[in-house]
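Here is the structure we will look at, set down as structure tokens.
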Amino acid sequence: MRSFVVRSIESALRRRGAASSNRRLFSSDSAPERKVAILGAAGGIGQPLALLMKLNPLVSNLALYDIAGTPGVAADVGHINTRAQVAGYVGEEQLGKALEGSDVVIIPAGVPRKPGMTRDDLFNINASIVKSLCTAIAKYCPSAVVNMISNPVNSTVPIASEVFKKAGTYDEKKLFGVTTLDVVRAKTFYAGKAKVPVADVNVPVVGGHAGITILPLFSQATPASNDLATEDIKALTKRTQDGGTEVVEAKAGKGSATLSMAYAGAIFADACLKGLNGVPDIVECSFVQSSITELPFFASKVRLGKNGVEEVFGLGSSLSDYEKEGLENLKPELKASIDKGIKFAKDN
């Protein structure tokens, strides 16, 4: 009999794919072969993410890569009795083998935030790591869907786009900044304040993935609540924006948001796999190339399909005055982060 944990996680993933009755849910028997590679698999996010992807019945081949420690992680999760065959790869010389044939590449590689460190402080280290990894992706699996977790996402996604452009492999439909954690937090905080079941909640989060660039649209939250005052909405927005700092401080210098980020990364990767497999009406928020604002990249709802992004949705017509103000306030900061990433990629 399958363990309670495995069944619970698979059930949670399937529930997210069952909002529309016409969706086909793939079992492990009927799902096509799909290879997922995790770059940075031995890290704080990478290890729980590897576990969650091993539990996903849509994954047939799981490649775990890092600069050290990956064989142990692969041996550990590889003993779990689920469909995915697991292999660990370590060091730059094995990166190509890890990537070859990948359908989805998830990148949590990089250094985590520490107390007092802003996302911008991460830039120089993580930008170089992302540039190197994306250069390898362009060479070994140029058609893969790329899920960027490495922070600062507002800059690392533009860096990746420039690397792929230089290599002649850029497909804007297949490059995603994973902002799902902002959505997860917004849902959790909203459900707690509105006193509604969290499983029923949906909250779109737009903009970017750092500080004030994170804009949850609580005016569009479902189920709607008439019990929240303007001050409640402002507090929920601030908490969503500062969620990462809340975790860093709570861990007292011993880590950042790793477990919740791994969960969010697994949810978004699952959505990408469902899209690739032809499941209809898969919609998630993500930081992608976009024309819905004057900025070249922006997070909003996107519909996922066999080619990656099938449709980028607008912001809707029901933004509150507070949200409209937040949207205008975030644009300069988000633009600066995007420009910084593009400049780094072009200069290095």
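Of all residues being open to solvent by 10 Å² or more (accessible area, probe 1.4 Å) and among the hydroxyl-bearing types (S, T, Y) in region 201-245, which is nearest to S260 (Cα to Cα)? Just the residue, please. Applying the filter and picking the extreme gives T245. Among the residues of region 169-200, the ones that are aromatic (F, W, Y), part of a helix (DSSP H, G or I) and open to solvent by 10 Å² or more (accessible area, probe 1.4 Å) come to 1 in all.
Screening K97 with (1) open to solvent by less than 40 Å² (accessible area, probe 1.4 Å); (2) within 29 Å of G341 (Cα to Cα); (3) touching a strand residue (DSSP E or B) at 6+ places or on another chain (Cβ under 8 Å) gives one miss only, at (1). Taken over region 291-330, the criterion of being open to solvent by less than 20 Å² (accessible area, probe 1.4 Å) and without any contact (Cβ under 8 Å) to a residue 12 or more places away in the chain is satisfied by no residue. Among residues of region 189-213 that are free of Cβ contacts under 8 Å to residues at least 24 places away in the same chain and of a type in the set (S, T, N, Q), those with a Cβ under 9 angstrom from a residue that is open to solvent by 30 Å² or more (accessible area, probe 1.4 Å) and part of a loop (DSSP other than H, G, I, E, B), sequence gap 6+ or separate chain, pair up as N202/A19; N202/P223.
Restricting the search to region 271-292, which residues are outside any strand (DSSP E or B), touching a strand residue (DSSP E or B) at 6+ places or on another chain (Cβ under 9 Å) and polar (S, T, N, Q)? Full working, then the answer.
Residues of region 271-292 outside any strand (DSSP E or B): 271-281, 290-292.
Filter once more, so that each one left must be touching a strand residue (DSSP E or B) at 6+ places or on another chain (Cβ under 9 Å): 271-276, 278-281, 290-292.
Scanning region 271-292 gives S290, S291.
Of the residues making up region 258-287, those that are closer than 16 Å to I107 by Cβ and either open to solvent by 20 Å² or more (accessible area, probe 1.4 Å) or touching a Gly at 6+ places or on another chain (Cβ under 7 Å) (or both) number 3.
Evaluated against (1) in contact with a helix residue (DSSP H, G or I) (Cβ under 8 Å, 6 or more places away or on another chain); (2) over 21 Å from M148 (Cβ atoms), I67 falls short on exactly one condition, (2).
Test of understanding: among K234, K238, which residue is more than 15 Å from S320 (Cα to Cα) and assigned by the TED database to the domain that holds S320?
Answer to the check: K238.
Among the residues of this structure, V163 does not count as one that is touching a strand residue (DSSP E or B) at 6+ places or on another chain (Cβ under 6 Å) and modelled with pLDDT of 95 or more. With respect to being open to solvent by 10 Å² or more (accessible area, probe 1.4 Å), free of Cβ contacts under 8 Å to residues at least 12 places away in the same chain and not assigned by the TED database to the domain that holds G46, E249 falls outside the description. Within region 24-49, the set of residues being among the acidic types (D, E) and either within 21 Å of A144 (Cα to Cα) or at pLDDT 95 or above (or both) comprises just one member, E33. Counting the residues of region 120-142 that are touching a residue at least 24 places away in the same chain (Cβ under 8 Å) and among the acidic types (D, E) gives 1. Number of residues in region 41-81 that are open to solvent by 10 Å² or more (accessible area, probe 1.4 Å) and under 17 Å from the mean Cα position of the chain (by Cα): the value is 7. All of (1) touching a residue at least 12 places away in the same chain (Cβ under 8 Å); (2) over 9 Å from the mean Cα position of the chain (by Cα) hold for K254 with one exception: (1).
The values are calculated or read from the model by the stated rules, or taken from the named source; none is laboratory data. Since the structure is predicted, the reported quantities are computational estimates derived from the model, not experimental observations. No Cβ is skipped: glycine too gets one built from the backbone with ideal geometry, and neighbour counts run over all protein chains shown. These accessible areas exclude ligands, DNA and RNA; they are computed on the full protein's heavy atoms, side chains included. Shrake-Rupley method; radii C 1.70, N 1.55, O 1.52, S 1.80 Å.
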